[in-house]
Amino acid sequence: MAARGPLCVGIDPHPGLLAAWGLTDSPQGLRTFSQTVLEAVAPLAAAIKPQVALYERHGSAGLAALEELLAASAQAEVLTIADAKRGDIGSTMAGYADAWLRDGSSLAADSVTLSPYLGFESLRPALDLAASSGRGVFVLALTSNPEGASVQHVGGSESVAWRIVRAATLENQRYAADALGSVGLVVGATVGSALTDLGIDLAAVHGPILAPGLGAQGATGADMRATFGPAYPAVLATSSRGILAAGPDLLALREATAQTLLGL
């Protein structure tokens, strides 16, 4: 982020977008789409975020295309965030952690998104493996979908979202105060005043904040600076459709990425 700017490009190969690019809704279409986006954004983006579900829908061949993308991203020195939103208990959570965070796994990414709604401590296998392998996790904390508030805002001054943020803050105390810890949070770029309303202090987390919603979903760089305030230096803004719509032309994708970065 310090070297390239705070932009993550989401790689979301929706069937409609593949069609708009003139590609088939197939593993080969996925492969072409993914590698084109990576080639276009690699010089500019700090990270890419492939949406795992859109690869899984093609079965093992789709996951093979994802594995190829993760490997190519590592070669290009672009960080990867596997947007898998995994969350479970015990040995099952350990299995998810092993798949996405273990050195040598064909699906190993630099980080993975996790759902904490079986209890934050249920994520322990992934939290510990990320810390030991030099990778990271992004835990869902405050999302901007309309349904999110029905769970995340519950609890008054100690809301569910507040508790998740506090747990991440405590986890990151294992790192030096001037470093970003391995436990990041997902906070929507369009949550508006929710952080203030719920009394949430993201600046104290000392972890990266993954903020989807830039561009097509309505958030601008100015909006995000206002929303995140003192935590903005740790924010990694995510744009997907706003950049991907410029494809399949590689130069047009790169220009859309550069323009998005300027706004941040």
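Listing for the model above:
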quantity	calculated
Residue match in the stretch 55-76 (condition: of a type in the set (Gly, Ala, Ser), farther than 14 Å from PRO13 by Cβ, in contact (Cβ under 8 Å) with a residue 12 or more places away in the chain and not in a helix (DSSP H, G or I))	yes
Residue in the stretch 226-245 that is open to solvent by 40 Å² or more (accessible area, probe 1.4 Å), part of a loop (DSSP other than H, G, I, E, B) and within 15 Å of ALA141 (Cα to Cα) present	no
Check on ALA189, surrounded by 18 or more Cβ atoms within 10 Å (Cβ to Cβ), touching a residue at least 24 places away in the same chain (Cβ under 8 Å) and closer than 19 Å to GLY5 by Cα	yes
GLY22 vs. criteria at positive phi and in contact (Cβ under 8 Å) with a residue 24 or more places away in the chain	yes
Answer from LEU79, LEU70, LEU63 - the residue that is open to solvent by less than 30 Å² (accessible area, probe 1.4 Å), of a type in the set (A, V, I, L, M, F, W, C) and over 26 Å from GLN152 (Cα atoms)	LEU70
Evaluation of ALA40 against (1) surrounded by fewer than 24 Cβ atoms within 10 Å (Cβ to Cβ); (2) small (Gly, Ala, Ser); (3) over 18 Å from the mean Cα position of the chain (by Cα) (one fails), failing number	(1)
Identity of the residue in the stretch 161-182, crowded, with 19+ Cβ neighbours inside 10 Å and more than 12 Å from GLY207 (Cα to Cα), that ends up farthest from the chain's Cα centre (by Cα)	TRP162
Residue, nearest to the chain's Cα centre (by Cα), within the stretch 209-225, restricted to residues that are within 13 Å of THR143 (Cα to Cα) and not aliphatic (A, V, I, L, M)	PRO212
Which numbered condition ASN145 fails, given (1) open to solvent by 10 Å² or more (accessible area, probe 1.4 Å); (2) in contact with a Leu (Cβ under 8 Å, 6 or more places away or on another chain)	(2)
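The values are calculated or read from the model by the stated rules, or taken from the named source; none is laboratory data. Because the structure is predicted, anything quoted here is derived from the model rather than measured. A quick note on method: Cβ atoms are made from the backbone with ideal geometry, for glycine too, and the neighbour counts reach across all protein chains shown. Just the protein is used for accessible areas: all its heavy atoms, side chains included, with ligands, DNA and RNA removed. Shrake-Rupley method; radii C 1.70, N 1.55, O 1.52, S 1.80 Å.
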